[in-house]
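Below is one structure, written out as structure tokens, with a few remarks after it.
The values are calculated or read from the model by the stated rules, or taken from the named source; none is laboratory data. Values in this document were obtained by computation on a predicted structure and should not be read as measured data. Neighbour counts are summed over all protein chains in view; Cβ atoms, including those assigned to glycine, are modelled from backbone coordinates with ideal geometry. When the accessible area is computed, the model is the full protein with side chains, heavy atoms only, and any ligands, DNA or RNA have been set aside. Shrake-Rupley method; radii C 1.70, N 1.55, O 1.52, S 1.80 Å.
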Amino acid sequence: MDYTIHYYSEAVQAEVLALPKTLLARYFSLTGRMVSNGPKLGEPHSKAFGDGLFELRLKGAEGIARVFYCTLIGRRIVMLHSFVKKSDKTPPADRRIAEDRLKEIKNDDAR
């Protein structure tokens with residue numbers, strides 16, 4: 001049984017789909033693998049941040065992007081937040097957004 005990809009909101013889906021062309025191609029390649037093989041691709045493709053938060057690592061001709069995601073019961077992968085990297089480190093504000101959305105998703109899923 002395959003996994004399914006969901007988005008935290010339509011805005012998150014729009015952000016992901018607005019990524020530059022080569023980053024979007026990489027996103028589709030990696031998420032295709034996630035659907036059939038599961039969400040844990042391992043480095044350099046994904047990285048675990050703890051507490052169920054993961055980062056999909058995209059690299060292309062236009063630069064580097066990250067998409068934070070989590071997994072839920074029922075083989076669901078939820079994309080929480082995306083951004084194009086402008087520095088070596090992940091900006092704390094972007095990580096906080098993903099962590100807050102993860103908490104919200106987990107609380108809703110537990111009900």
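The fraction of accessible area contributed by carbon and sulfur in the range 46-104 is 51 percent, rounded to a whole number (1.4 Å probe; ligands and nucleic acids excluded). Here the chain is assigned +1 on the Cβ of each Lys and Arg and -1 on the Cβ of each Asp and Glu. Its dipole about the Cα centre then comes out at about 280 debye. Note that the chain presents 58 Å² accessible area per residue, ligands and nucleic acids not counted, probe 1.4 Å. Within the set [x] 13.1, 43; [y] 15.3, 52; [z] 13.3, 37, the number that Rg and Dmax of the Cα atoms in Å takes when calculated for this structure is listed as [x]. In this view, the solvent-accessible surface of residue 43, computed with a 1.4 Å probe and all protein chains in place, comes to about 130 Å².
Accessible-area rank, largest first, for 81, 45: 45, 81, with all protein chains present and a 1.4 angstrom probe.
Taking 0.36 nm per residue of separation and subtracting the current Cα-Cα distance, fully stretching the chain between residue 49 and residue 108 would add 19.2 nm.
Lysine pair count for the chain (Cα-Cα distance under 19 Å; residues 8 or more apart in sequence or on different chains): 13.
Modelled spin-label separation between residue 59 and residue 85, with each label point placed 7 Å from Cα along the Cα-to-Cβ direction: 0.8 nm.
Think of the chain as having a plus end and a minus end, set by charges on the Cβ of Lys, Arg, Asp and Glu; of 37, 18, 78, 37 sits farthest toward the positive end of this dipole.
Helix screen, the chain: DSSP H segments with Cα axial length of 18 Å or more and mean Kyte-Doolittle hydropathy at least -0.5 are 21-37.
A crude spin-label estimate for the pair residue 18 and residue 40, with each label 7 Å from Cα along the Cβ direction, gives 3.4 nm.
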